[in-house]
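Contents: one structure, followed by commentary.
Please treat every number below as a calculation from the coordinates, not as lab data. Since the model is a prediction, treat every value here as computed from it, not as a measurement. Don't worry about glycine lacking a Cβ; one is built from the backbone with ideal geometry, like all the others, and counts go over all protein chains shown.
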Amino acid sequence: MTWPLPPAIEWPKFLRLLRNPAPPRGWLEAAAELEDLQKRPLLLRWIAQHPKAPAHLRARLLPRLPWRALAAVAQDASAHPQARTFATERLQNLWPGLSTGERRALAALAPKPLWRLIWKVHDPGVLSAFLQNARLHEQGLLDLFHVPLHPLQLAALQGSLWKEQEAVARRVLLLLDETLRMPEPLVVLGHGAHWIKVLEPDQRLQISTNLRHPALRRMARAHSKAVLDEFCL
């Protein structure tokens with residue numbers, strides 16, 4: 001006994017069947033041959049990622065999926081592991097050729113292997129979308145930070161939900177210190193003001209001992225002293 005296919009059943013019921021974990025043998029292959037489904041690559045995703053899809057069928061369908069469908073497969077925990085791996089690798093290969101708008105959309109839901117590629121894109125919209133990625137966590141973000149820091153990265157951080165995180169502030173200040181000591185850095189001393197203010201006065205004093213750029217070190221100490229003096233008054 002096998003399940004019916006469109007037009008024998010309505011599309012809503014067919015789509016529900018595509019998500020059933022135990023389809024009859026051969027049904028997924030038959031579904032993949034439907035002419036209407038061939039025209040809807042976003043729906044082919046459900047066959048390509050199905051845990052019961054034969055390997056040869058998955059290998060045939062996955063390369064045909066557009067980046068949006070691949071992104072959905074990559075982040076779907078119910079998808080076959082091989083499908084998630086292929087989708088992620090395919091997205092990494094497609095990334096350089098995506099438009100700015102496509103990169104912006106993908107950044108908001110990209111899987112972890114793409115994060116480093118996204119962080120290197122000096123586009124405010126892409127960076128802003130990435131920092132709203134629901135999968136992004138503090139340690140994952142900290143691992144992306146590197147010297148030299150770029151002004152657009154700092155601007156995106158300062159406009160994001162991460163702008164008040166102490167761990168982020170400490171890491172930014174340390175990398176800003178290194179960046180400012182490089183020949184012709186793109187960042188300026190003022191980029192450190194916000195991140196110094198995120199820290200408590202004692203934390204500012206503590207991190208100032210690790211800063212080697214004279215002006216940045218003085219700024220951290222001055223902000224700490226000003227707050228302490230105000231508190232004492």
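When the Debye formula is applied to the Cα atoms of segment 122-193, each taken as the same point scatterer, what base-10 log of I(q)/I(0) results at q = 0.11, 0.12 Å⁻¹? Debye output, listed in q order: -0.24, -0.29. Screening the chain for whole DSSP H helices with an alpha carbon extent of at least 15 angstrom along the helix axis and a mean Kyte-Doolittle hydropathy of at least -1.0 yields 81-94, 166-180, 214-232.
Near Gly26: Cβ cut-off under 13 Å, other residues only, Lys/Arg at +1 and Asp/Glu at -1. The net charge is 0.
With a Förster radius of 30 Å applied to the beta-carbon distance between Arg60 and His146, the computed FRET efficiency rounds to 0.15. For segment 47-119, averaging the sequence separation of C-alpha pairs within contact (under 8 Å, six or more residues apart) and dividing by the residue count gives a relative contact order of 29 percent.
May I ask you to derive the relative contact order of the chain, considering only C-alpha pairs under 8 Å and at least 6 residues apart, and to give it as an integer percent? In percent, rounded to a whole number, it is 10. Of Ser160, Ser99, Ser208, which is the most mobile in a GNM of the chain whose springs link Cα atoms less than 10 angstrom apart? Answer for the Gaussian network model of the chain: Ser99. Applying a threshold of 24 Å to the alpha-carbon distances of Lys52/Lys112; Lys120/Lys163; Lys13/Lys112; Lys112/Lys163 flags Lys52/Lys112; Lys13/Lys112 as lying beyond it. The Cα center of segment 176-229 and the Cα center of segment 65-129 differ in position by 35 Å.
Using just the C-alpha positions of segment 43-169 as equal point scatterers, what log10 of I(q)/I(0) does the Debye formula give at each q in 0.13, 0.23 1/Å? Log10 of I(q)/I(0), two decimals: -0.55, -1.27.
Multiplying each eigenvalue of the alpha-carbon gyration tensor of segment 137-233 by 5 and taking the square root yields semi-axes of 22, 16, 11 Å, largest first, rounded to whole angstroms. As a calculated quantity, the FRET efficiency between Thr2 and Glu89 at R0 = 41 Å, using C-beta atoms, amounts to about 0.75.
Along the chain, counting only GluC sites (Glu not before Pro) with a DSSP assignment other than H, G, I, E or B and at most 14 other Cβ atoms inside a 10 Å radius, the longest segment between sites is 34-163. Of the options (1) 51, 17, 13; (2) 40, 25, 17; (3) 35, 22, 16, only one is semi-axes √(5λ) of the Cα gyration tensor in Å as computed from these coordinates, and that is (1).
In the chain, helical runs assigned H by DSSP with n ≥ 4 each contribute -39500 (n - 2.57); averaged across all residues and rounded to the nearest 500, the mean residue ellipticity at 222 nm is -16500 deg cm²/dmol.
Using the Cβ-Cβ distance between Ala77 and Leu205 with R0 set to 30 Å, the FRET efficiency from 1/(1 + (r/R0)^6) comes to roughly 0.10. Summarising the label geometry, the points placed 7 Å from Cα in the beta-carbon direction at Leu189 and Arg135 lie 4.2 nm from one another. Across segment 1-97, the mean sequence separation of Cα contacts (distance under 8 Å, 6 or more residues apart), normalised by length, yields a relative contact order of 20 percent. The distance between label points at Gln158 and Arg16 comes to 5.3 nm (points 7 Å beyond Cα on the Cα→Cβ vector). Stokes-Einstein diffusion coefficient for segment 1-117 at 10 °C in a medium of 1.306 mPa s, Rh from the Kirkwood formula over Cα pairs: what value in µm²/s? Value of D from the Cα-based Kirkwood radius: 107 µm²/s. Treating segment 45-110 as a set of equal point scatterers at the Cα positions, no solvent, please give the Debye-formula log₁₀ I(q)/I(0) at q = 0.28 Å⁻¹. Each listed q corresponds, in turn, to -1.21.
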